[in-house]
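Notes follow the structure.
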Amino acid sequence: MEFILVTPQARPHVALIQLNRPKELNALNLQLMGEMRDALKELDDNDEVRAIIITGNERAFAAGADIKQMAGKTAIDMLNIDQFSTWDQIRKTKKPIIAAVSGFALGGGCELAMTCDMIVASETAQFGQPEIKIGVMPGAGGTQRLTKAIGKAKAMEMVLTGRFMSAAEAEKHGLINRVVPVELYLEEAFKLAGEVAQMSPVAAKLAKESVNRSFETNLDEGLHFERKNFYLCFASEDQTEGMNAFVEKRKPEFKGR
Ligand code: DAK
């Protein structure tokens, strides 16, 4: 891996992926995104990993797709490169992913953070979809996920003007989970990931899938989907362990089976 650093056991059962193109503010070139896709697939298949953190550095989570790499492309180049399969693969990761964001999370960087399941931000984080300023528009879910997270008015303003949103504002409008001082944002993400990693990995996967389904379907279908996943939990050893531990007044030991 050239543009990301992967630590499968950064903390017990918690993996860390760090974007590592600091000079380019972690601009997401094709190679970086391919590495991200492969790393997530590996971590998703690794039974020891129960939660994943994606982070950048203090100055930038990611300042968007690599504009220098995109600048000369034609529509057919973009079609043939088919970046969407990479982004779709990221979206299909079954384990919970937390974005730990400091500094710029712009364009594809904001979209990458929103593809994650939760976002912890530093006070210096800035979110934005500034593609309009370079003559395009969001292409990796920005118009959809941002709108669902913060509502039409605010999303429209960000997408149409390219205006950045501060971490405080992003928290106020429900885009992110929490804001902490810059020296604490990664630690806070580890804390949150650590909490998730203590839960049943089976239930966590099924719950993540069910919450995400709510974005894709109507209430009736969503409830139906939730119900099936709820039943499926009862096929797991973790369900037996979790309920027995409660009755026996002890801490459960989940195994992900
Ligand atoms: N791409 C390439 N290089 C970038 C970059 C980017 N997005 N952002 C920053 N850099 C580079 C700068 O060119 C500069 O490099 P050098 O000149 O030193 O070689 C270096 O990073 C430091 O940046 P600045 O000198 O500009 O630093 P400042 O602090 O002055 O400004 C900034 C920081 C973040 C405000 C500024 O760099 C900026 O405006 N960056 C561009 C932000 C942007 O427009 N982002 C959206 C890009 S479009 C898709 C998936 C995703 C996408 C599209 C399709 N598919 C699945 C099909 C996504 C599209 C986008 O994200």
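The values are calculated or read from the model by the stated rules, or taken from the named source; none is laboratory data. Please read all numbers here as calculations on a predicted model, not as lab measurements. Positions of Cβ are backbone-derived with ideal geometry, glycine not excepted, and every protein chain shown enters the neighbour counts.
Structure notes:
- Within the range 69-93, tally of residues that are of a type in the set (Ser, Thr, Tyr) and within 10 Å of the ligand (Cβ to nearest atom): 2
- Of the residues Ala10, Ala99, Ala62, the single one that is within 17 Å of Ala193 (Cα to Cα) and touching a helix residue (DSSP H, G or I) at 6+ places or on another chain (Cβ under 7 Å) is Ala99.
- Of all residues in the range 166-184, one or more are in contact (Cβ under 8 Å) with a residue 24 or more places away in the chain and within 29 Å of Ala71 (Cα to Cα).
- Just one of (1) surrounded by fewer than 20 Cβ atoms within 10 Å (Cβ to Cβ); (2) aliphatic (A, V, I, L, M); (3) closer than 30 Å to Cys233 by Cβ fails for Val182. It is (3).
- Flag if Val180 is touching a helix residue (DSSP H, G or I) at 6+ places or on another chain (Cβ under 6 Å) and modelled with pLDDT of 95 or more: yes
- Between Gly162, Gly135, the distinction of being surrounded by fewer than 15 Cβ atoms within 10 Å (Cβ to Cβ) and more than 30 Å from Glu241 (Cβ to Cβ) belongs to Gly135 only.
- Residue within the range 170-177 that is within 16 Å of the ligand (Cβ to nearest atom) and out of contact with any strand residue (DSSP E or B) (no Cβ under 9 Å at 6 or more places or on another chain) present: no
- For the range 124-163, the candidate set comprises residues that are of a type in the set (S, T, N, Q) and part of a loop (DSSP other than H, G, I, E, B); within that set, the residue that is farthest from the ligand (Cβ to nearest atom) is Thr124.
- Check on Glu111, charged (D, E, K, R) and either over 21 Å from Glu24 (Cα atoms) or more than 10 Å from the ligand (Cβ to nearest atom) (or both): no
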